[in-house]
1. Go through the range 46-74 and give me each residue that's part of a loop (DSSP other than H, G, I, E, B) and either without any contact (Cβ under 8 Å) to a residue 12 or more places away in the chain or out of contact with any helix residue (DSSP H, G or I) (no Cβ under 9 Å at 6 or more places or on another chain) (or both).
2. Could you tell me how many of the residues in the range 179-234 are of a type in the set (A, V, I, L, M) and either touching a Cys at 6+ places or on another chain (Cβ under 7 Å) or at positive phi (or both)?
3. Only one of A396, A428 is small (G, A, S) and over 16 Å from V75 (Cα atoms). Can you tell me which?
4. Take D404 and decide whether it is touching a helix residue (DSSP H, G or I) at 6+ places or on another chain (Cβ under 9 Å), surrounded by 20 or more Cβ atoms within 10 Å (Cβ to Cβ) and either small (G, A, S) or farther than 30 Å from V200 by Cα (or both).
5. Scan the strands (runs of 3 or more DSSP E) fully inside the range 356-445 and keep the ones with 2 or more residues being of a type in the set (D, E, K, R) and within 27 Å of the chain's Cα centre (by Cα).
Amino acid sequence: MHRLLDDASRRAQRYLNELDARPVFPSEVMRARLHELGGPLPEEPTPPGDVLALLDEVASPATVASAGRRYYGFVTGGALPATVAASWLATAWDQNCFTAMMSPAVAAIEQVTLGWLLEVLGLPREAGGAFVTGATMANLAGLAAARRAVLARAGWDVDEDGLQGGPRVRVVVGAEVHSTLRKALGILGLGRSAVQVVPVDAQGRLRADALPALDGPTIVCLQAGNVNSGAFDPAAEVCAAAHAAGAWVHVDGAFGLWAAACPARAHLARGFADADSWATDAHKWLNVPYDSGLVFVRDAVALRGALSISAPYLQQGAPREPGDFTPESSRRARAVEVWAALRSLGSRGLAELIERNCRQAQRFAARLSAAGAAILNDVVLNQLVVSFGDEARNRAVLARITADGTCWCGPTVWRGRAAMRISVSSWATTDADVERSIDAILASAEGCDAT
């Protein structure tokens, strides 16, 4: 085991050291050997060292270098050094974090870390929270608590009686609602399409003046950080209207909610602390390894009530049993990496990371705009949407950027217009990386002009 782990460490360090010299998206040559990982299942055992070598030599070159400094295609952070090391240690621990009895250490780490998170995100200190796989599951957990609460107010016990025969739950969303939130609504039986859609403004913000009458069991869903523009819904106005009508407000803040941790950007998150539940990711802007999502609910009892579990063999006794707050029972120790990120950064380091990425996004916008590209959004956070012309030209520019390998950006469609999205989310991205990436993007665009 010791020799194997030493070998894994050497290979991992070599992988990280070589990231800067390789294309961000793997070339066709790099991907060509992936078939070697398949074939018939071996009948005889393979030595663990040979298994690791095959995995590294075939798969490592074919990975996307999202752990590096110039990956901008999705809101995908890298992994802070402290979080990688903590993840390795936690993997060696191999803890099942279902109950405090199964892992006293991780239960204590979860409790501490949830308190830190509520502090940096500016959320109510009494809120309950949990560590889940990502924002999709965080949205599902928060909406499960919302569904339970609004139906209970209407005199219906959804836990015991289900949805059939009960009052209909209205769900109100903005026209730019993220697809994963619709997915969560579908899983919960509330309907992916059975929502009331509110129009949005030019930046994708839900229009508070267009809210419908919020009567009956109602959940209003807000966005903190549009996935394209980075814009924030008007939370203060919507929360006030919703709560006056007895509705629940849920926030999908997969990456944008982290603006609250940065004094220079906290104004963007104004009013979101007035909501009832919040979903976000740690594997985005907190830069911890995948997978790591977070859910918070103002009324901790509502979250526990929606997700708790009981059985004769489960002994309750800890102040907070982790398994009572998550959809999953058996879970890995995600909280260890989040704890390591927050402990290593501190509140000041986290704020500096967020502000640096926002400033870098603005630098992208300034230089690309000066060169003639169209910036389609107000760059208020870490997101910008860039157009180089019609769909065919945007596709050609993106193909050249990918082939060049200096950086990687993703395609999108914004307000009906084909474009490229740049998301600056990594702790490792330097200002020099931004300038080098801009040079490569502009060269790719000029190359399309030349052809």
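1. If the condition is that a residue be part of a loop (DSSP other than H, G, I, E, B) and either without any contact (Cβ under 8 Å) to a residue 12 or more places away in the chain or out of contact with any helix residue (DSSP H, G or I) (no Cβ under 9 Å at 6 or more places or on another chain) (or both), then T46, P47, V64, S66, G73, F74 are the ones that fit.
2. Of the residues in that region, 1 qualify.
3. Exactly one residue qualifies, and that residue is A396.
4. Taking the combined requirement at face value, the residue does not satisfy it.
5. 417-423
Yes/no matrix, rows are residues, columns are (1) among the hydroxyl-bearing types (S, T, Y); (2) touching a strand residue (DSSP E or B) at 6+ places or on another chain (Cβ under 6 Å):
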position	(1), (2)
L190	no, yes
S193	yes, no
V198	no, yes
Q203	no, no
D209	no, no
A213	no, no
I219	no, yes
G225	no, no
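Here's the yes/no breakdown for (1) hydroxyl-bearing (S, T, Y); (2) modelled with pLDDT under 95:
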position: G155; (1), (2): no, no
position: G162; (1), (2): no, yes
position: G165; (1), (2): no, yes
position: V172; (1), (2): no, no
position: S179; (1), (2): yes, yes
position: L188; (1), (2): no, no
position: V198; (1), (2): no, no
position: L211; (1), (2): no, no
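The values are calculated or read from the model by the stated rules, or taken from the named source; none is laboratory data. For clarity, every value in this text was computed on a predicted model and none was experimentally measured. No Cβ is skipped: glycine too gets one built from the backbone with ideal geometry, and neighbour counts run over all protein chains shown.
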